[in-house]
Amino acid sequence: MTVMEQLQAEPKNLWKRIVLFLVLLAVVAWGSDSITYNGIAQQGSVVASGIIHGITHPNLELLFNLTDAGVPYLILQTIAIAILGTIFGAILAIPISFLASTNIVPKWIAYIFRSLILLIRTIPSMVWALVWIRVTGPGAFCGVVTQSVCSIGMISKMYITAIEDLDTGILESLDAAGCNTFEKIRVGILPQLSASFISTAIYRFDINLKDATTLGIVGAGGIGSPLVQSITYSRWSNVGSFLWALIILVLIIEYISTRIRNRLARGHR
Amino acid sequence: MPRAETKKVPLFDRVFKPEHIVLENGNSVDRPRSRMPLILICLIAVIIISLKMTGFDFNVIIRRAKELTVILGQIFRPNFGYFPNIVKPLIETVKMSIIGTIAGCAIGLPLSIFASSNINHNKPTMLVIRFILSVMRSVPTLIYASVLALVFGLGTFAGTLAITVFTVGIVAKMLYESIETIDMKPYEAMISFGASTLQAFWTACMPQILPTYIDDCLYCFELNIRASSILGYVGAGGLGVLIRERTGLRAYNDLGMVLLILFTVVLVIDLVNDHIRSKIM
């Protein structure tokens, strides 16, 4: 009975499982003691029904209002912030990530730039927005600058991986064929990096689009500030129309960007 | 003999005819024109429109760059005496993310089974669940938190719930993508033995996706620690409350200390997670 033998040969790690389960249980118990459910707040049920009413009855006038305060303009502004933030961030990340790759520069220089990247990533985007507001004043301009800086962290992390995966054999063969430095960069390095760089930037654009909404809370333009204001002042039908617009926008952008990134990954034209 | 090409010629190649190259041996190839100029023109147009729309002005940045150092300079001189006030919210933040992540990952697992096309052959339910998951992911965590804080009152409960909802969306998506790439032969063998879908999934698919699942959970935990520090901004408990309070009071040295602690915690958790990953992978 080989099947039986195979079954018996399964490693016995019952104790390991029990210990793991108990540790998990202990962590949950430790974690849940400070998270207390105080019941629904006084106005809680009113808010909940307000939200549901707002989402099912969005403010159509706002949704199709073509002025500065209307949803279409705010959505376009949010997209503009995310586009510029991503492009500037992606461009700024190129020199930084080359200087932080251990196969390009000496190790100690790479570590200096890596800690710089870590520093940028650590400061939350809200704090960056507050820092930049002093320079630019509130508005979409601030959102662009904030996103450019915040994007550097994650983008250069992915860029570094791509740079460190560079196939240097190609450069050696180009050397042997007598190419100069510029030609080596043009046909040896750019084709290897461009697909993953563009793919990273598009992925970051997805994230920035959502972040642009969040930044609106501290007054950095886009659809975020009117959305949060409508939540605080309980204008639920406005919340409904903002949320619908936001969800549809994010879904469309996610669909398009996934398609582009799949094509880049497979190398289609 | 050239093969009969029935492939549809893209519009671009019909407008800009491909370059016709005749080789030395008489064969000919068509080299499609580069799309780069067209893409560049579109990109530049989009950038110019966006610059107009956001009121971007590079001169302002150069002129007022001095202002940047005002806050940053204070952040980089953290007030170490502020540390005792940070401990409690910090533990709150960690607890919120742990519970939120565990709950989210637990709910995400069954949802991802329903959302993967190779296990669930009922197309309508699969598409509906996928759509719900994408909608859940498209709303920023902060919006969940601000609404939930109004419903359940200010505090950690609303924050934990917001993290849970957000985690479900991400974990389920990452998981159903990896379920769709697994080897289905053991599963089919189990089915042909007469196992139910659930039994077959548990014994044949679960061992295959378990490492990815744990990896995804750890990744979400890292995300949630960062996010939960911001959630406090709308009153959902944790370090974010301090960040908001300290920026409101313009006590940027204290803020620097909060960020330093947050940085250390994120670093430690990253290291621990990397260690766990190297063990399970």
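The values are calculated or read from the model by the stated rules, or taken from the named source; none is laboratory data. Since this is a predicted model, take the numbers as computed values, not measurements. Backbone-built Cβ (ideal geometry, glycine too); neighbour counts: all protein chains shown.
Within segment B:110-130, the set of residues being of a type outside the set (G, A, S) and under 17 Å from the mean Cα position of the chain (by Cα) comprises just one member, B:R130. Taking (1) on the phi < 0 side of the Ramachandran plot; (2) touching a Phe, Trp or Tyr at 6+ places or on another chain (Cβ under 7 Å) in turn, B:G55 satisfies each apart from (1). Looking across segment A:71-103, the residues that are crowded, with 16+ Cβ neighbours inside 10 Å and part of a loop (DSSP other than H, G, I, E, B) come down to A:A100, A:S101. Restricting attention to segment B:228-251 and to residues that are at the interface with chain A (Cβ under 9 Å from one of its Cβ atoms) and not polar (S, T, N, Q), the residue that is farthest from B:A149 (Cα to Cα) turns out to be B:I243.
Regarding segment A:154-161, can at least one residue be identified that is of a type outside the set (D, E, K, R), in contact with a Cys (Cβ under 8 Å, 6 or more places away or on another chain) and part of a helix (DSSP H, G or I)? No, segment A:154-161 contains no residue that is of a type outside the set (D, E, K, R), in contact with a Cys (Cβ under 8 Å, 6 or more places away or on another chain) and part of a helix (DSSP H, G or I).
Look through B:L23, B:L51 and report the one residue that is without any contact (Cβ under 8 Å) to a residue 24 or more places away in the chain and more than 20 Å from A:I81 (Cα to Cα).
Working: B:L51 fails: more than 20 Å from A:I81 (Cα to Cα).
The unique qualifying residue is B:L23.
Restricted to segment B:145-168, and to residues that are within 15 Å of B:S97 (Cα to Cα) and of a type outside the set (A, V, I, L, M), which residue is farthest from the chain's Cα centre (by Cα)? Talk me through it step by step, then tell me what you get.
Of the residues in segment B:145-168, the ones within 15 Å of B:S97 (Cα to Cα) are B:145, B:155-168.
Narrowing further to those that are of a type outside the set (A, V, I, L, M): B:155-157, B:159-160, B:164, B:166-167.
Details: B:G155: 25, B:T156: 22, B:F157: 23, B:G159: 18, B:T160: 18, B:T164: 14, B:F166: 10, B:T167: 9 Å.
Restricting to residues being within 15 Å of B:S97 (Cα to Cα) and of a type outside the set (A, V, I, L, M), the top hit is B:G155.
If you go through segment A:44-69 and keep only what is away from chain B (no Cβ under 11 Å), buried (at least 16 other Cβ atoms within 10 Å of the Cβ) and either free of Cβ contacts under 8 Å to residues at least 60 places away in the same chain or under 19 Å from B:M53 (Cα atoms) (or both), you end up with just A:N65. Only one entry in B:A200, B:A236, B:A227 is modelled with pLDDT of 85 or more, within 26 Å of B:G108 (Cα to Cα) and of a type in the set (G, A, S), namely B:A200. Within segment B:128-151, residues that are assigned to a loop (DSSP other than H, G, I, E, B) have Cβ atoms under 9 Å from residues that are among the small types (G, A, S) in these pairs: B:V139/B:G169; B:P140/A:G224, counting only partners at least 6 apart in sequence or on another chain. Residue pairs whose Cβ atoms lie under 8 Å apart, sitting 6 or more positions apart in sequence or on different chains, and linking a residue in segment A:250-265 that is crowded, with 16+ Cβ neighbours inside 10 Å to a partner that is aromatic (F, W, Y), are A:I253/A:F205; A:S257/A:Y203; A:S257/A:F205; A:R261/A:Y203. Considering segment B:187-248, there are no qualifying helices (runs of 4 or more DSSP H) wholly inside with 1 or more residues that are among the β-branched types (V, I, T), surrounded by fewer than 19 Cβ atoms within 10 Å (Cβ to Cβ) and outside the structural domain of B:L90 (by TED's automatic domain parsing).
Within segment A:104-126, the residues that satisfy the criterion of being within 14 Å of chain B (Cβ to nearest Cβ), free of Cβ contacts under 8 Å to residues at least 60 places away in the same chain and either in a helix (DSSP H, G or I) or of a type in the set (D, E, K, R) (or both) are A:R114, A:S115, A:L116, A:I117, A:L118, A:L119, A:I120, A:R121, A:T122. For segment B:61-74, how many residues meet the condition of being of a type in the set (A, V, I, L, M, F, W, C), under 26 Å from B:V241 (Cβ atoms) and more than 7 Å from chain A (Cβ to nearest Cβ)? Of the residues in segment B:61-74, 0 are of a type in the set (A, V, I, L, M, F, W, C), under 26 Å from B:V241 (Cβ atoms) and more than 7 Å from chain A (Cβ to nearest Cβ).
To keep it simple, each residue is scored yes or no on (1) away from chain A (no Cβ under 11 Å); (2) surrounded by 16 or more Cβ atoms within 10 Å (Cβ to Cβ); (3) of a type in the set (D, E, K, R).
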site: B:D13; (1), (2), (3): no, no, yes
site: B:R31; (1), (2), (3): yes, no, yes
site: B:I47; (1), (2), (3): no, yes, no
site: B:F76; (1), (2), (3): no, no, no
